[in-house]
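The values are calculated or read from the model by the stated rules, or taken from the named source; none is laboratory data. What you see is a predicted model, and the numbers here were worked out from it, not measured in a lab. Please note: Cβ atoms are built from the backbone with ideal geometry, for glycine as well, and neighbour counts cover all protein chains shown.
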Amino acid sequence: MGETGRVVVIGDALIDELRDDTGVREFVGGAALNVAVGLARLGFPTTLIAMVGDDEAGEHIRSYLDDFGVHLVETESALGSSRAVSTRDAGGEPVYVFNEAARARRIRFGAEEREAIVGAAITVVSCFPFDDEAQTAELVDALADAAGLVAIDPNPREGTMHDRERFVRGFERLASRADLVKVGEDDAELLYGGSLDGLRDRLLADGAAAVLHTRGAGGAGISTADVALTRPIAVAPAPIVDTMGAGDAVLSSAVSTLLVEHPATEAAWATLLERAMEVAAATCRFEGALLRLPSALTGLKVDPAGS
């Protein structure tokens, strides 16, 4: 292992512009950024490797990361900072439209980035442009000397993915050697046009050590060669406000458990999953994707339906 507890997260950093009947609001976001901030909030020193523009939005991103103590190793974007305009579909799920910078995102893997990866206890990759073959090859090369664990969340977005087949090949290239892969029902449908169960089995057969599979309101599961567990969403006080950061909260919580003590028994994997469900439930009780701990629910108005 590298530096005790040091986490490196690689992926996207952007501005989430939320639009609904109440108006327009902006949040600093991006799946990788959310995970990095979540892990920092869970007490782990964290570095985020991401592309950020030299603009006002970029300053907001840098300031936000600084507020939470996340170290940013940035690739400067010639197109400015990434932005996602989010509306809600009929089921309340976010629908995204991305700007040009987000669609052409690029991460440099220079000396500073490689040094951070080599020294990490775990490297988490989330929402990476796996359909960029050259960029994926650079990532694979940068991870080659990493002594720590590797966790992957493909987090594909239809608005930023240019070639589905290339994305699948790039994702599987890393997933086959990962210690933890997180996938959801949307990932299975968008990337493979199939079921989450089928994707879970495929990833395990290809070599992933553990697969964390999420099903939205249907809860989540964890599967390894010897363990197959599922848990429902956690019951929490107050109504669900926003599901945008739920998956990132699940991944942050799971990674934090791996860092404290890698599960070696079915009971330990169950604890990892249950904690992740509790953190996700708390996160969904607030607007935005910022990870929240169950303790944040103290004093909130109880929802009699237990939603």
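Filter the stretch 59-74 down to the residues that are in a helix (DSSP H, G or I), under 17 Å from R292 (Cα atoms) and touching a strand residue (DSSP E or B) at 6+ places or on another chain (Cβ under 9 Å) and list them by number.
From the stretch 59-74, those in a helix (DSSP H, G or I) are 59-67; that's our starting set.
Checking which are under 17 Å from R292 (Cα atoms) leaves us with 64-65, 67.
Scanning the stretch 59-74 gives Y64, L65.
If you go through the stretch 101-125 and keep only what is outside any helix (DSSP H, G or I) and farther than 13 Å from A32 by Cβ, you end up with A104, R106, R108, F109, G110, G119, A120, A121, I122. Only one of the listed residues (A208, A249) is outside any helix (DSSP H, G or I) and within 20 Å of the chain's Cα centre (by Cα). That residue is A208.
Filtering the stretch 175-190 to residues that are surrounded by 22 or more Cβ atoms within 10 Å (Cβ to Cβ) and of a type outside the set (G, A, S) leaves L180, V181, K182, V183.
Residues checked against (1) within 16 Å of V37 (Cα to Cα); (2) buried (at least 16 other Cβ atoms within 10 Å of the Cβ); (3) modelled with pLDDT under 90; (4) not aliphatic (A, V, I, L, M):
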| site | (1), (2), (3), (4) |
| --- | --- |
| E266 | no, no, no, yes |
| W269 | no, yes, no, yes |
| L272 | no, yes, no, no |
| E278 | no, yes, no, yes |
| E287 | yes, no, yes, yes |
| V302 | no, no, yes, no |
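Quickly run through the stretch 44-60 and pick out the residues that are touching a Gly at 6+ places or on another chain (Cβ under 8 Å) and farther than 15 Å from E74 by Cβ. Of everything in the stretch 44-60, those that are touching a Gly at 6+ places or on another chain (Cβ under 8 Å) and farther than 15 Å from E74 by Cβ turn out to be F44, P45. Of all residues in the stretch 274-304, those that are more than 16 Å from L42 (Cβ to Cβ) and under 16 Å from the mean Cα position of the chain (by Cα) total 2.
Among the criteria (1) touching a residue at least 40 places away in the same chain (Cβ under 8 Å); (2) in contact with a strand residue (DSSP E or B) (Cβ under 7 Å, 6 or more places away or on another chain), the one G38 does not fulfil is (2). Looking at G11, G30, just one residue is touching a Phe, Trp or Tyr at 6+ places or on another chain (Cβ under 8 Å), within 17 Å of N155 (Cβ to Cβ) and crowded, with 24+ Cβ neighbours inside 10 Å, and that residue is G11. Please tell me if F44 is within 22 Å of A246 (Cβ to Cβ), at pLDDT 95 or above, out of contact with any Asp or Glu (no Cβ under 7 Å at 6 or more places or on another chain) and surrounded by fewer than 20 Cβ atoms within 10 Å (Cβ to Cβ). The answer is no for F44.
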